[in-house]
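Below is one structure, written out as structure tokens, with a few remarks after it.
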Amino acid sequence: MLKDTFLSLLSNYSNNNSLHNILWEEIAHNYSNEQRYYHTLEHLESLLVQLTEVKDKINHWDTILFTLFYHDVIYNSLKSTNEEKSADLAVKRMQQLHVPKPIIEDCKNQILATKTHKLSEDSDTNYFIDTDLSVLGKSWEIYSQYYKNVRKEYAIYPNLIYNPGRKKALTHFLDMDKIFKTEYFYQKFEKTARENIQREIELL
């Protein structure tokens, strides 16, 4: 499903099938890195399913798809510039495909928005951010597997360093007026997300 969606997306802008396959292999390779436990192809698959459920609410579907595939394409738990580097690579690849500049710019902004999760004036950006955070509002079983996988990605850090940082990040969400910016995801996940986050904080 992921590969077919990606190749179909690229075919809207380029006839270079060889390039399309090279770019897919780059996506697959990056998201399959052995140091990734949460930011994986499975994560992309989950987001694609959920975005498809709200496709009728999305104004620019192609832009959202480019954002989906590239938002975590660069991921290093030791760095704080993953979003910027992912956005830069997305821009570079979309330019190779001759994607129109407005789509490239919107995609770049959406990827950068995943760093702060702030309310955006662009509704598509809000839908993407909400989808990216949807795991927070899933069942405790799914949520607990998520936070354990995130911990594995930061395995280099001892609890003495990791736990305060994680608690700060989680508290950041609880301090928000709304974790989820769209009405659809707010109604679906907000209550459970806050319960899950509070529960994890108590376990740290």
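Tallying residues that are assigned to a loop (DSSP other than H, G, I, E, B) and out of contact with any helix residue (DSSP H, G or I) (no Cβ under 7 Å at 6 or more places or on another chain) within segment 58-97 yields 4.
Out of SER46, SER18, one residue alone is surrounded by 15 or more Cβ atoms within 10 Å (Cβ to Cβ) and assigned to a helix (DSSP H, G or I). It is SER46. GLN187 satisfies every condition listed in (1) surrounded by 12 or more Cβ atoms within 10 Å (Cβ to Cβ); (2) of a type outside the set (D, E, K, R); (3) under 19 Å from THR52 (Cβ atoms) except (1). Screening LEU10 with (1) among the hydrophobic types (A, V, I, L, M, F, W, C); (2) surrounded by fewer than 14 Cβ atoms within 10 Å (Cβ to Cβ); (3) over 15 Å from the mean Cα position of the chain (by Cα) gives one miss only, at (2). When the residues of segment 145-166 are filtered to those that are in contact with a helix residue (DSSP H, G or I) (Cβ under 6 Å, 6 or more places away or on another chain) and part of a helix (DSSP H, G or I), which remaining residue is surrounded by the most Cβ atoms within 10 Å (Cβ to Cβ)? Among them, the one singled out is TYR147.
Of all residues being small (Gly, Ala, Ser) and within 16 Å of LEU65 (Cα to Cα) in segment 90-142, which is surrounded by the fewest Cβ atoms within 10 Å (Cβ to Cβ)? Just the residue, please. So, considering only residues that are small (Gly, Ala, Ser) and within 16 Å of LEU65 (Cα to Cα), the one surrounded by the fewest Cβ atoms within 10 Å (Cβ to Cβ) is SER123. Within segment 56-71, being among the hydrophobic types (A, V, I, L, M, F, W, C) and farther than 15 Å from SER86 by Cα holds for ILE58, TRP61.
Criterion applied to ASN109, ASN76, ASN82, ASN59 was being more than 11 Å from the chain's Cα centre (by Cα) and at pLDDT below 95, and the one residue passing it is ASN76.
The values are calculated or read from the model by the stated rules, or taken from the named source; none is laboratory data. As the structure is a prediction and not an experimental result, all values here were calculated from the model. Virtual Cβ from ideal backbone geometry, glycine too; neighbours counted across all protein chains shown.
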